[in-house]
1. Please state the charge dipole magnitude for the range 1-60, taken about the Cα centre, from unit charges on C-beta atoms (+1 on K and R, -1 on D and E), reported in debye and rounded to the nearest 20.
2. For the charge dipole of the range 7-112, defined by +1 on Lys and Arg C-beta atoms and -1 on Asp and Glu C-beta atoms about the Cα centroid, which residue among F60, A8, L50 has the Cα displaced farthest towards the positive pole?
3. Set the Förster radius R0 to 22 Å, insert the Cβ-Cβ distance between Q98 and A9 as r into 1/(1 + (r/R0)^6), and round the FRET efficiency to 0.05.
4. DSSP loop GluC sites (Glu not before Pro) in the range 1-76 with at most 10 other Cβ atoms within 10 Å of their Cβ, which ones?
5. Calculated FRET efficiency, H111 and V20, Cβ-Cβ r, R0 22 Å, to nearest 0.05?
6. Could you tell me whether the range 10-81 comes out rounded, prolate or oblate from its Cα gyration tensor? Rule is a ≥ b ≥ c as square roots of the eigenvalues, rounded for a/c under 1.5, then prolate if a/b exceeds b/c, otherwise oblate.
7. Would the range 22-122 count as rounded, prolate or oblate if I go by the C-alpha gyration tensor, calling it rounded below 1.5 in a/c and otherwise prolate when a/b exceeds b/c, oblate otherwise?
8. Extension gain D74-E131, at 0.36 nm per residue separation less the Cα-Cα distance, in nm?
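Just so you know, all these numbers are worked out from the coordinates, no wet-lab data involved. Computed from a prediction, not measured in an experiment: that's the story for all the values here. Here the Cβ positions follow ideal geometry from the backbone for every residue, glycine too, while neighbour counts run over all protein chains shown.
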Amino acid sequence: TDDEQQIAASLLWLLRGDAVQRVFAAWHLGWGPAQQASGERWQAPLLAQLLDDPYSIVRFMAHQSLSRLPGFADFEYDFIGSKSQQIEAKRRALVISQQRSRELGGRTLQHVLREPDGTLRQPLIDRLLGERDDRPLSIPE
């Protein structure tokens, strides 16, 4: 599809995948070797999208990875808090990441869902979130 040709696969899994895909994609965005390979300045607003995910493990992992990014080490968030707390945390994370987006400069790329000026491609992100696979899953431990 056009999305698969233009957007990094990890971000498609992060935003529209099922809960297992979302949790693994979120974990990898906080993984040191992945950050060394791709940088660590573009992931925050995408991880923020998961702070109000229907699955608590996805929210937990998104916060864990977010806290490993510059500017988020002390980011407070309760992954089992109320929906309104989750939405407020998402808003705060997006504000922080927007303030830091200037640091991206000319390195922003379409495949990480940013415009050339560093702003998020929010309508596209919203569409992908709307396509998210929210089928109930039971993940045995």
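1. Working: 4 positive and 7 negative charges, 43 e Å.
In debye, rounded to 20, the range 1-60 gives about 200.
2. Checking the options against the dipole of the range 7-112, the answer is A8.
3. Working: r = 25 Å, r/R0 = 1.14.
In this case the efficiency is close to 0.30.
4. Within the range 1-76, the qualifying GluC sites (Glu not before Pro) (loop, at most 10 other Cβ atoms within 10 Å) are E76.
5. On the way: r = 23 Å, r/R0 = 1.03.
According to the calculation, E is roughly 0.45.
6. Working: a/c = 1.98, a/b = 1.14, b/c = 1.74.
Because a/c hits 1.5 or more and a/b fails to exceed b/c, the range 10-81 counts as oblate.
7. On the way: a/c = 1.84, a/b = 1.44, b/c = 1.27.
Prolate, because a/c is 1.5 or more and a/b exceeds b/c.
8. Working: separation 57, 0.36 × 57 = 20.52 nm, distance 3.15 nm.
Once the chain is fully extended between D74 and E131, it gains 17.4 nm.
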